[in-house]
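The block underneath contains the structure these notes are about, expressed in structure tokens.
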There are 2 protein chains.
Amino acid sequence: MPKIDISNVPFKTGSSYPEKYAAQMEGRSQQSLGDAGGISQFGANLVRLAPNALSSLRHWHEQQDEFLIVTEGHLVLVDDTGETPLSVGDCCAFPAGDGNGHHIVNKSESDGAFLVVGTRTATETGWYSDIDMKVEAADGKMTFTRKDGSPVDAS
Amino acid sequence: MPKIDISNVPFKTGSSYPEKYAAQMEGRSQQSLGDAGGISQFGANLVRLAPNALSSLRHWHEQQDEFLIVTEGHLVLVDDTGETPLSVGDCCAFPAGDGNGHHIVNKSESDGAFLVVGTRTATETGWYSDIDMKVEAADGKMTFTRKDGSPVDAS
């Protein structure tokens, strides 16, 4: 059945970030709708943000295009140019290799949500704009280091 | 600017289908939001359907995953299993190579719309479920033939 039974798709919470950054992801949850529907070439994830929650730490991708549409609430795009308010139906595109780091923040007093699509590639490097961290992904495993490749401090 | 100025993205109407089928696409228009936002690895198109309009002739893709979310109105998914009503927020996934031909139909009396994402591949073959037609795409050019490769009749 192509229609996805969203109410039965599990919510993922928590973070894959190193411990010193993981707590910043409180209030974020995600349903992996594309996976639930059996597609694999891109992710299609419904991300829910409680008030004050972030979609991710601000970042950009070397190889993977990203696209999102707001489906609920009032959110804010934060990128190198500043803050841009987003409402239901607003869309954003983030071309691979564009070093304009971005994330979505819920500065409202109600939940917000968006559907985000990102290409899946065999390997990927992502760069974090506001902290000394990058991520390298290969074989489904993510490795976070400082930008020079040294370990992220645990403290 | 990652936020897409949807009001300034042109609407495409008409059809690339052979003449004998093209008229069935009346009432459908599309805004290519992903292209407008500078991404290229997948298409992200906002499709608007007037009452009685079809998203496409019923089809499936050999190589390209597809995913959609309804953004306006009440639409109907038609696939091999029959008809499934869709409302705002409902999502569907169509895995590459799954021969369950599908399209979206507006059987309501108001406009409807959905955002559809599809992977872009260098070549592709699509098969039409209800008529004797296939499409082969390469180098950005689409070639429609009967399923045995012979020309689609003009009449």
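Taking region A:23-54 as the search range and keeping residues that are on the phi < 0 side of the Ramachandran plot and assigned to a loop (DSSP other than H, G, I, E, B), which one is nearest to the other protein chains (Cβ to nearest Cβ)?
Step one: of region A:23-54, the residues on the phi < 0 side of the Ramachandran plot are A:23-26, A:28-37, A:39-51, A:53-54.
Now drop any that are not assigned to a loop (DSSP other than H, G, I, E, B), which leaves A:26, A:37, A:39-41, A:50-51, A:53.
Details: A:E26: 25, A:G37: 2, A:I39: 4, A:S40: 7, A:Q41: 4, A:A50: 19, A:P51: 21, A:A53: 19 Å.
The extreme case among them is A:G37.
Quick check on my filter: what residues within region A:96-140 are within 14 Å of A:P18 (Cβ to Cβ) and open to solvent by 50 Å² or more (accessible area, probe 1.4 Å)?
A:D132, A:E136
Tell me which residues, restricted to region A:80-136, are charged (D, E, K, R) and touching a strand residue (DSSP E or B) at 6+ places or on another chain (Cβ under 7 Å).
Step one: of region A:80-136, the residues charged (D, E, K, R) are A:80, A:83, A:90, A:98, A:107, A:109, A:111, A:120, A:124, A:130, A:132, A:134, A:136.
Of everything in region A:80-136, those that are charged (D, E, K, R) and touching a strand residue (DSSP E or B) at 6+ places or on another chain (Cβ under 7 Å) turn out to be A:E83, A:D90, A:D98, A:K107, A:D111, A:R120, A:E124, A:K134, A:E136.
Checking B:E72 against (1) touching a residue at least 24 places away in the same chain (Cβ under 8 Å); (2) more than 25 Å from A:D65 (Cβ to Cβ); (3) out of contact with any Leu (no Cβ under 6 Å at 6 or more places or on another chain), which test does it fail?
Only one criterion is unmet by B:E72, namely (2).
With A:D80, A:D90, A:D65 as the choices, which residue is over 22 Å from A:T13 (Cα atoms), at the interface with chain B (Cβ under 7 Å from one of its Cβ atoms), of a type in the set (D, E) and in contact (Cβ under 8 Å) with a residue 24 or more places away in the chain?
Numbers: A:D80 fails: at the interface with chain B (Cβ under 7 Å from one of its Cβ atoms); A:D90 fails: in contact (Cβ under 8 Å) with a residue 24 or more places away in the chain.
Just a single option satisfies the conditions, and that option is A:D65.
Residue check: is A:L46 within 20 Å of A:S129 (Cβ to Cβ) and hydrophobic (A, V, I, L, M, F, W, C)? Step through it out loud before you land on a result.
Working: within 20 Å of A:S129 (Cβ to Cβ): no; hydrophobic (A, V, I, L, M, F, W, C): yes.
Here the answer is no, as A:L46 does not meet what is asked.
Suppose we filter region A:140-155 for residues that are over 26 Å from A:A50 (Cα atoms), part of a strand (DSSP E or B) and either in contact with a helix residue (DSSP H, G or I) (Cβ under 9 Å, 6 or more places away or on another chain) or at pLDDT 95 or above (or both); how many remain? Give the derivation first.
Filtering region A:140-155 down to residues over 26 Å from A:A50 (Cα atoms) leaves A:140-141, A:143, A:145-155.
From what's left, part of a strand (DSSP E or B): A:141, A:143, A:145.
Pick out the ones that are also either in contact with a helix residue (DSSP H, G or I) (Cβ under 9 Å, 6 or more places away or on another chain) or at pLDDT 95 or above (or both) and you get A:143, A:145.
Of the residues in region A:140-155, 2 are over 26 Å from A:A50 (Cα atoms), part of a strand (DSSP E or B) and either in contact with a helix residue (DSSP H, G or I) (Cβ under 9 Å, 6 or more places away or on another chain) or at pLDDT 95 or above (or both).
For residues that are closer than 23 Å to A:N106 by Cβ and of a type outside the set (V, I, T), scanning just region A:1-17, find the one that is nearest to the other protein chains (Cβ to nearest Cβ).
As a first pass, look at region A:1-17 and keep what is closer than 23 Å to A:N106 by Cβ: A:6-7, A:9-17.
Now narrow it down to the ones that are of a type outside the set (V, I, T): A:7, A:10-12, A:14-17.
Numbers: A:S7: 11, A:P10: 15, A:F11: 15, A:K12: 17, A:G14: 23, A:S15: 23, A:S16: 23, A:Y17: 22 Å.
For region A:1-17, the residue satisfying everything is A:S7.
Hey, can you tell me all the residues within region B:58-74 that are open to solvent by 40 Å² or more (accessible area, probe 1.4 Å) and of a type in the set (F, W, Y)?
B:W60
Just give me the residues in region B:68-77 being more than 7 Å from chain A (Cβ to nearest Cβ) and part of a strand (DSSP E or B), in sequence order.
Just the residues of region B:68-77 that are more than 7 Å from chain A (Cβ to nearest Cβ), to begin with: B:68, B:70, B:72-76.
Across region B:68-77, the qualifying residues are B:L68, B:V70, B:E72, B:L75, B:V76.
The values are calculated or read from the model by the stated rules, or taken from the named source; none is laboratory data. Because the structure is predicted, anything quoted here is derived from the model rather than measured. Methodologically, a virtual Cβ is constructed for each residue, glycine included, from the backbone with ideal geometry; neighbour enumeration extends over all protein chains shown. We work out accessible area using only protein heavy atoms, side chains counted, and drop any ligands, DNA or RNA first. Shrake-Rupley method; radii C 1.70, N 1.55, O 1.52, S 1.80 Å.
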